[in-house]
């Protein structure tokens, strides 16, 4: 099936390659890897089914040759810088390894694959987005450099929504939910990382006491008051995690906006700003390692205090 080579699987969004086993929905024509279709159990392109439309190929973004000096847009033919994330003329995505799916016409629209690389929410029309597109006073290109181009496909749509009048402040970030303190440290937001780490440790004390002192015969562990305190601490911890998951992306957007505006105000040379965006933004393995080391040290201190009492 040559016409499907280079197109994304409707389920996993990985592009088809030569030799892949491809199956096609008999109703709408959406292509799948054979194993993906087996796992789904049915065609998940419900939008096409509901509208009675058929699947149409998406624009294929080819990687630039090793000796290329620019990247040619597959949609309009415009020559763009090799580092460009979107075509400066029509907004078509130019990242071959992290394609962002353009919004299609209603009769061509495919079912969204929430959370999959390549999914662009319906409120963002990437054909109107370029590196120069304004996001509340800064550009898409500046935010892409700040968050890291390999993560721009995830954060840029959310930043566009946060900056819009009716976009709201809500989205959901799974790492921020499950690993709140470490996600904040990883994204260079140490003040939020410290706050959530301290709160996690404090609300985890009842659990720590139950773990280390279980079976020691200490009566307070079985008291109604201790049980109430443990329940309230667990509830506070869940509320904190849920709030971080919902507002984490917005807090990161506010930090990115403030950092970019600070750099622009203090660095008049435009050509020297992008390295500063990269340095100030992006992830930090060092911050993450420090937070893990602090947590380990605190756990050692707590165990050293409790264990003698157990003996």
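Just so you know, in the range 162-175 the residues that are more than 17 Å from residue 187 (Cβ to Cβ) and at pLDDT 85 or above include one that is surrounded by the most Cβ atoms within 10 Å (Cβ to Cβ), and it is 163.
Considering only the range 186-194, I want to know if a residue exists there that is free of Cβ contacts under 8 Å to residues at least 24 places away in the same chain, assigned to a helix (DSSP H, G or I) and within 22 Å of residue 294 (Cα to Cα). Yes, the range 186-194 contains a residue that is free of Cβ contacts under 8 Å to residues at least 24 places away in the same chain, assigned to a helix (DSSP H, G or I) and within 22 Å of residue 294 (Cα to Cα).
Taken across the range 252-262, residues that are out of contact with any strand residue (DSSP E or B) (no Cβ under 8 Å at 6 or more places or on another chain), at pLDDT 95 or above and closer than 23 Å to residue 292 by Cα do occur, with at least one present.
Residue-wise test of (1) modelled with pLDDT under 85; (2) on the phi > 0 side of the Ramachandran plot; (3) surrounded by 15 or more Cβ atoms within 10 Å (Cβ to Cβ).
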| position | (1), (2), (3) |
| --- | --- |
| 9 | no, no, yes |
| 12 | yes, no, yes |
| 16 | no, no, yes |
| 20 | no, no, yes |
| 23 | no, no, yes |
| 34 | no, no, no |
| 45 | yes, no, yes |
| 51 | yes, no, no |
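Residues that are without any contact (Cβ under 8 Å) to a residue 40 or more places away in the chain, over 16 Å from residue 140 (Cα atoms) and within 21 Å of the chain's Cα centre (by Cα) within the range 253-304 comprise 279, 286, 289, listed in sequence order.
Residues that are in contact with a strand residue (DSSP E or B) (Cβ under 9 Å, 6 or more places away or on another chain), at pLDDT below 85 and outside any helix (DSSP H, G or I) are absent from the range 140-149 altogether.
The values are calculated or read from the model by the stated rules, or taken from the named source; none is laboratory data. Since the structure is predicted, the reported quantities are computational estimates derived from the model, not experimental observations. Using ideal geometry, Cβ is built from the backbone for each residue, glycine included, and neighbour counts are taken over all protein chains shown.
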